[in-house]
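To keep things clear, I will list the structure first and then write my remarks on it.
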Amino acid sequence: MMVTKDVSMESTNNIVRVSRVVKDFLMGKTKVQVLKGIDLEIKSGEYVSIMGPSGSGKTTLFNMIGGLDKPTAGSVFIDEIDISQLDAYELAWLRCRKIGYIFQTFNIIQVMTALENVTLPMIFAGVPDDAAREKGMELLDLVGLKKRFQHKPFELSGGQQQRVAVARALANDPAIILADEPTGNLDLSTGDEIIQLLKLLSQEKGVTIISATHDLKMLNVSDRVIWISDGKIEKIEKREELSISLGQIGGK
Amino acid sequence: MLGKTKANAPQKQVVLPFVKSVEIAVKSIKSRFFRTLITTMSLILAISFYSYIKTNSYIISGIFFSEDKIAIQKLSHQGYEIPVEGEKYTTTPKERWILFLSLLVCVVGIVNTQLMAVADRFREIGTMKCLGALDRFVLRLFLIEATLQGLIGASIGGISGAAIALLGALIKFGRVAIAFVNLNDIVASILSAVFLGCVLSIIGVLYPALLAAKMQPIEAMRGRD
């Protein structure tokens with residue numbers, strides 16, 4: 001069991017750094033502390049899974065890293081930039097170029113075709129139409145959906161929609177892909193395919209992949225697993241150490 | 001693509017060209033045809049009423065101008081007041097009052113359906129924001145959609161209102177009804193109806209669109225289908 005709380009980090013290749021992050025939510029009149037001081041570093045190109053029961057603060061931490069929510073105290077650095085200091089425009093820029101999001105519910109825009117979904121982030125980034133289209137087709141090819149580029153979401157299966165989402169997340173060559181329970185709404189084998197796809201991407205493109213998950217299969221491909229419990233990091237495990245504790249889980 | 005000045009410094013440049021926003025808006029209207037139809041329907045009705053009342057007032061003043069005894073008698077039987085010599089016939093206060101109410105109800109109806117539409121699209125808006133859309137992209141999309149709905153709905157309403165008024169008068173009074181009606185007046189009233197329709201449509205979508213634009217991506221993501 002190892003916990004990295006080394007303060008003197010070599011900051012150069014930390015793509016994500018979470019520093020003493022506290023998050024309070026107001027539930028009616030009572031203040032609930034969801035995150036109780038989280039320190040975390042994620043290196044560029046790593047495949048990291050965040051695990052934890054529901055209500056552990058996993059999703060909240062995940063949203064913080066994605067710049068979707070701001071910490072009550074502490075800071076989140078992406079590429080050594082404190083994202084709580086950014087204004088709305090800079091945050092939008094960050095979401096557009098630096099981070100690719102994959103959701104549990106796919107969130108493919110219903111009124112657009114697969115290709116239009118993939119090119120949308122490129123349009124926001126100011127990529128010319130033709131170039132965006134070309135890159136979009138490349139990405140759809142990469143996820144194995146080249147032939148279905150003109151299909152609308154309702155003509156695609158769940159797994160295919162999630163593939164489109166993966167392609168869309170890659171549109172602007174982000175440094176990080178944030179996947180929130182990417183296999184949560186998929187059956188076992190389709191979920192497996194998505195996991196393999198993400199792994200392939202992290203290896204071939206060197207994208208940092210951070211996923212919040214309940215899926216134990218996700219652990220097999222993760223470089224590190226961060227266990228969150230009750231708003232704190234319970235433990236951080238590297239893959240080598242993982243098989244032992246997995247055995248314990250299986251034995252329970 | 002834009003050159004990066006510093007390796008990792010965040011920039012502010014996120015764009016959505018106008019043509020692209022129109023394209024997305026049209027797509028959205030097309031694929032939500034039924035909902036658009038309902039939103040537009042209240043507009044069509046209110047605007048056709050407006051156009052009807054306006055055209056009708058031209059027809060009636062035309063009839064008074066014609067000094068056709070039978071037609072004028074028919075009119076006063078129907079309760080229209082004969083205007084004082086030298087004055088033009090305009091709409092009655094009662095008509096204006098009903099017109100005002102109908103336009104008001106129309107706007108409230110639009111606000112209602114647009115609020116529903118926004119709630120329906122929480123997920124979509126949130127996703128767009130996660131992909132880098134700014135508040136004003138969302139706002140612009142809704143405004144363009146509303147303008148297009150306004151143009152289409154008000155054109156249908158304006159033309160049908162005028163047509164109904166003209167046909168009705170033709171049937172009731174015969175050719176004298178349209179003999180003294182100036183075509184330019186009718187065209188102008190249809191155009192004013194279209195303009196009014198667009199304005200109403202935009203007023204109706206303003207609050208829902210602001211609500212959508214201000215939404216945080218995280219809230220939108222929490223929304224259910």
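Numbers for the structure displayed
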{"quantity": "Selected residue (criterion: farthest from the other protein chains (Cβ to nearest Cβ)) from residues of the stretch A:66-105 that are among the acidic types (Asp, Glu) and not in a helix (DSSP H, G or I)", "calculated": "A:Asp82"}
{"quantity": "So B:Ser201, is it assigned to a helix (DSSP H, G or I), more than 14 Å from every other protein chain (Cβ to nearest Cβ) and surrounded by 22 or more Cβ atoms within 10 Å (Cβ to Cβ)", "calculated": "yes"}
{"quantity": "Test: A:Leu86 is surrounded by fewer than 20 Cβ atoms within 10 Å (Cβ to Cβ) and under 24 Å from B:Ile218 (Cα atoms)", "calculated": "yes"}
{"quantity": "Members of the stretch B:24-58 found to be surrounded by fewer than 17 Cβ atoms within 10 Å (Cβ to Cβ) and more than 9 Å from chain A (Cβ to nearest Cβ), listed by number", "calculated": "B:Val26, B:Phe33, B:Phe34, B:Arg35, B:Leu37, B:Ile38, B:Met41"}
{"quantity": "Among the candidates A:Ile108, A:Ile99, residue that is hydrophobic (A, V, I, L, M, F, W, C), surrounded by 22 or more Cβ atoms within 10 Å (Cβ to Cβ) and closer than 16 Å to A:Gly159 by Cα", "calculated": "A:Ile108"}
{"quantity": "Among residues of the stretch B:41-73, those that are touching an Asp or Glu at 6+ places or on another chain (Cβ under 9 Å) and charged (D, E, K, R), counted", "calculated": "1"}
{"quantity": "Residue check, A:Ile38 touching a residue at least 12 places away in the same chain (Cβ under 8 Å), of a type in the set (A, V, I, L, M) and under 14 Å from A:Ile226 (Cα atoms)", "calculated": "yes"}
{"quantity": "B:Thr90, sole failed condition from (1) at pLDDT below 85; (2) under 17 Å from B:Leu211 (Cα atoms)", "calculated": "(2)"}
{"quantity": "Residue satisfying all of: in the stretch B:204-218; surrounded by fewer than 17 Cβ atoms within 10 Å (Cβ to Cβ) and within 14 Å of chain A (Cβ to nearest Cβ); nearest to the chain's Cα centre (by Cα) among these", "calculated": "B:Lys214"}
{"quantity": "Among the candidates A:Lys147, A:Lys205, residue that is without any contact (Cβ under 8 Å) to a residue 24 or more places away in the chain and either among the basic types (Lys, Arg) or under 16 Å from A:Asn117 (Cβ atoms) (or both)", "calculated": "A:Lys147"}
{"quantity": "Selection from the stretch A:220-252 of residues that are among the charged types (D, E, K, R) and either part of a helix (DSSP H, G or I) or modelled with pLDDT of 80 or more (or both)", "calculated": "A:Asp223, A:Arg224, A:Asp230, A:Lys232, A:Glu234, A:Lys235, A:Glu237, A:Lys238, A:Arg239, A:Glu240, A:Glu241"}
{"quantity": "Selection status of A:Pro153, of a type outside the set (Gly, Ala, Ser) and touching a strand residue (DSSP E or B) at 6+ places or on another chain (Cβ under 7 Å)", "calculated": "no"}
{"quantity": "Extreme residue, nearest to the other protein chains (Cβ to nearest Cβ), among residues of the stretch A:106-120 that are more than 17 Å from A:Ala131 (Cα to Cα) and in contact with a Gly (Cβ under 8 Å, 6 or more places away or on another chain)", "calculated": "A:Asn107"}
{"quantity": "Residue ranges of helices (runs of 4 or more DSSP H) in the stretch B:65-171 with at least 3 members more than 14 Å from chain A (Cβ to nearest Cβ) and farther than 19 Å from B:Arg35 by Cβ", "calculated": "B:69-77, B:93-120"}
{"quantity": "Positions within the stretch B:1-23 being within 20 Å of A:Glu116 (Cβ to Cβ), facing chain A (nearest Cβ under 7 Å) and either outside any helix (DSSP H, G or I) or at pLDDT below 75 (or both), in sequence order", "calculated": "B:Met1, B:Val14, B:Val15, B:Leu16"}
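This table checks each residue for (1) at pLDDT below 95; (2) crowded, with 22+ Cβ neighbours inside 10 Å; (3) within 14 Å of another protein chain (Cβ to nearest Cβ).
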residue	(1), (2), (3)
A:Asp129	yes, no, yes
A:Lys135	no, no, yes
A:Lys146	yes, no, no
A:Phe149	yes, no, no
A:Phe154	yes, no, yes
A:Ser157	yes, no, no
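The values are calculated or read from the model by the stated rules, or taken from the named source; none is laboratory data. This is a predicted model, so every value here is computed, not measured. A quick note on method: Cβ atoms are made from the backbone with ideal geometry, for glycine too, and the neighbour counts reach across all protein chains shown.
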